[in-house]
Amino acid sequence: MVKGLDEKSEALPDHVGWRLWQANRAWQGEFAAAMRAAGHAWFSDARAGLIGHIARAGTRQVALIERMAISKQAVQQLLDGLEAEGVVERLPDPDDGRGKLVRYTPKGLAALRDGDRIKREIEQRWIGCIGQARFAALMDALRALDAGLHPET
């Protein structure tokens, strides 16, 4: 009888959250694969999530913990891995004697440059899928949505 119940399940709604999630997963997968293909074997989704919070000039470790909204231990573990790979380094924070400043190494900065290039390449492929005008409209709509949801920034 379970098969009968499965066949009668109602259709899931088609909503913006689902479409944004699908597009985001596609983008992330393409980006991560291209980063690894570019020679950054250490690149993973979890590490990418942390890297996205580190400013190119460096970021205080305590700020990363606050921004990531995961445990201090999880952030520490991600940083340990990136440091072991030579992507980031931790230095004494000049404004907090007990704190650490996380900064990119030359290897990390090279990865960021590759990431910038790869992001532009992915964007060009997406433009090829939907056209320049629709892509520009999508970007405008996403910026407007962000501004409406976060008016203080």
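Just so it is clear, none of the values below were taken in a lab; they were calculated from the coordinates. This one's a predicted model, so the numbers in the text were calculated from it and none came from an experiment. Because the Cβ atoms are built from the backbone with ideal geometry, glycine has one as well, and the counts that use them run over all protein chains shown.
Think of the range 19-148 as a dipole: +1 on every Lys or Arg Cβ, -1 on every Asp or Glu Cβ, centred on the Cα centre; then among A57, T105, Q124, Q124 lies furthest on the positive end. Among A32, A74, A11, the largest mean-square fluctuation in a Gaussian network model of the chain (Cα springs under 10 Å) belongs to A11.
Quick one: grab the alpha carbon gyration tensor of the range 81-153, order the square roots of its eigenvalues as a ≥ b ≥ c, and give me rounded if a/c is under 1.5, else prolate or oblate depending on whether a/b is larger than b/c. It is oblate, given that a/c is not under 1.5 and a/b is not larger than b/c.
Build a GNM of the chain with springs between Cα atoms under 10 Å apart, and of L12, L82, L142 the one that fluctuates most is L12.
So how far, in whole Å, is the C-alpha centre of the range 49-104 from the one of the range 120-152? Here the two parts' Cα centres lie 30 Å apart. For A133 and L12, a Förster radius of 22 Å and the Cβ-Cβ distance give a FRET efficiency of 0.15, rounded to the nearest 0.05. Across V16, V88, V75, mean-square fluctuation computed from a Gaussian network of the chain (C-alpha pairs under 10 Å connected) peaks at V16. Filter the trypsin sites (Lys or Arg not before Pro) in the range 1-93 down to the DSSP loop ones having no more than 13 other Cβ atoms within 10 Å, then list what survives. Filter output for the range 1-93: K8, R56. When exposed loop sites are taken as GluC sites (Glu not before Pro) in a DSSP loop with at most 12 other Cβ atoms within 10 Å, the longest stretch of the chain clear of them is 11-151.
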